[in-house]
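**Q** I'd like to ask you about the structure that follows.
The values are calculated or read from the model by the stated rules, or taken from the named source; none is laboratory data. Since we're looking at a predicted model, the values are computed, not measured. Cβ placement follows ideal geometry from the backbone for every residue including glycine, while neighbour counts extend to all protein chains displayed. To get the accessible areas, we keep the full protein, side chains included, count just its heavy atoms, and leave off ligands, DNA and RNA. Shrake-Rupley method; radii C 1.70, N 1.55, O 1.52, S 1.80 Å.
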Amino acid sequence: DVADAVAKMLAAQGKRRMVVPAGLSAEWLPAAFEFVVDDGMSSAALDAFDGVMTGSTVAIAMTGTVILQNVPGQGRRAVTLVPDYHLCVVKAADVVETVPQAMERLSGTAELTTTFFSGPSATADIEMTRIKGVPGPRHLDVILVV
């Protein structure tokens, strides 16, 4: 039961108030938590939530990459990049083994805004000082639905 898994994950992380994109399955949302549908909120408004919960388009097993597109249930890019915590639901049927397989799956929707994430981002300045977690959430949990 996805809603039970979501409830356990959010409780373990101490999250109570989550933003969700329009079109996310209502069956996945446990009643004990507050879920607010994004209506084009500002970055400041998004940042006030404990996190975001979305579905996904495809995931790549070999790289641990999850791919989101600007479609119902996944939302616009700001919703997935501003909150500090992201809970993503991935259907097992949407997991492929390799990057080329994922690219093939995405070929029919290539015109959509697409976000790939594979873990915390990092960058380095000219002196090679590494900085972690620049854009996007610092904490990610994934629920795999069989």
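**Q** Could you check how many residues of the range 15-24 are closer than 13 Å to LEU87 by Cβ and either open to solvent by 50 Å² or more (accessible area, probe 1.4 Å) or among the hydroxyl-bearing types (Ser, Thr, Tyr) (or both)?
**A** Result for the range 15-24: 2.
**Q** Being touching a residue at least 40 places away in the same chain (Cβ under 8 Å) and surrounded by fewer than 17 Cβ atoms within 10 Å (Cβ to Cβ), is that true of even one residue in the range 37-52?
**A** Scanning the range 37-52, I find no residue that is touching a residue at least 40 places away in the same chain (Cβ under 8 Å) and surrounded by fewer than 17 Cβ atoms within 10 Å (Cβ to Cβ), so the answer is no.
**Q** If you go through the range 8-20 one residue at a time, how many are in a strand (DSSP E or B) and without any contact (Cβ under 8 Å) to a residue 60 or more places away in the chain?
**A** Total satisfying the criteria: 2.
Matching residues to (1) among the charged types (D, E, K, R); (2) under 19 Å from LEU144 (Cβ atoms); (3) not in a helix (DSSP H, G or I):
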residue	(1), (2), (3)
VAL6	no, yes, no
ALA22	no, no, yes
PRO30	no, yes, yes
MET53	no, yes, yes
SER56	no, yes, yes
ILE67	no, yes, yes
THR80	no, yes, no
HIS86	no, yes, yes
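**Q** For the range 61-70, which positions are open to solvent by 40 Å² or more (accessible area, probe 1.4 Å) and either among the charged types (D, E, K, R) or farther than 20 Å from HIS139 by Cβ (or both)?
**A** Hits for the range 61-70 are ALA61, MET62, ASN70.
**Q** Do you know which residues across the range 88-114 are closer than 23 Å to VAL146 by Cα and not in a helix (DSSP H, G or I)?
**A** CYS88, VAL89, VAL90, LYS91, VAL95, VAL96, GLU97, THR98, listed by residue number.
**Q** Related question: Considering each of ALA7, ALA12, ALA31 in turn, give the residue that is under 16 Å from TYR85 (Cβ atoms), modelled with pLDDT of 95 or more, of a type in the set (A, V, I, L, M) and open to solvent by 70 Å² or more (accessible area, probe 1.4 Å).
**A** None of the other options fit; the residue is ALA12.
**Q** Hey, another quick one. Among the residues of the range 2-32, write down those that are touching a helix residue (DSSP H, G or I) at 6+ places or on another chain (Cβ under 9 Å) and among the acidic types (Asp, Glu).
**A** Hit for the range 2-32 is GLU27, nothing else.
**Q** Being of a type outside the set (Gly, Ala, Ser), within 16 Å of THR115 (Cα to Cα) and modelled with pLDDT of 95 or more is the filter here, so list the residues in the range 34-65 that pass it.
**A** VAL52, MET53, THR54, THR57, VAL58, ILE60
**Q** Kindly provide the set of residues from the range 73-102 that are under 18 Å from ILE143 (Cα atoms) and open to solvent by 30 Å² or more (accessible area, probe 1.4 Å), ordered by number.
**A** Matches in the range 73-102: ASP84, LYS91, ALA92, ALA93, ASP94, VAL95, GLU97.
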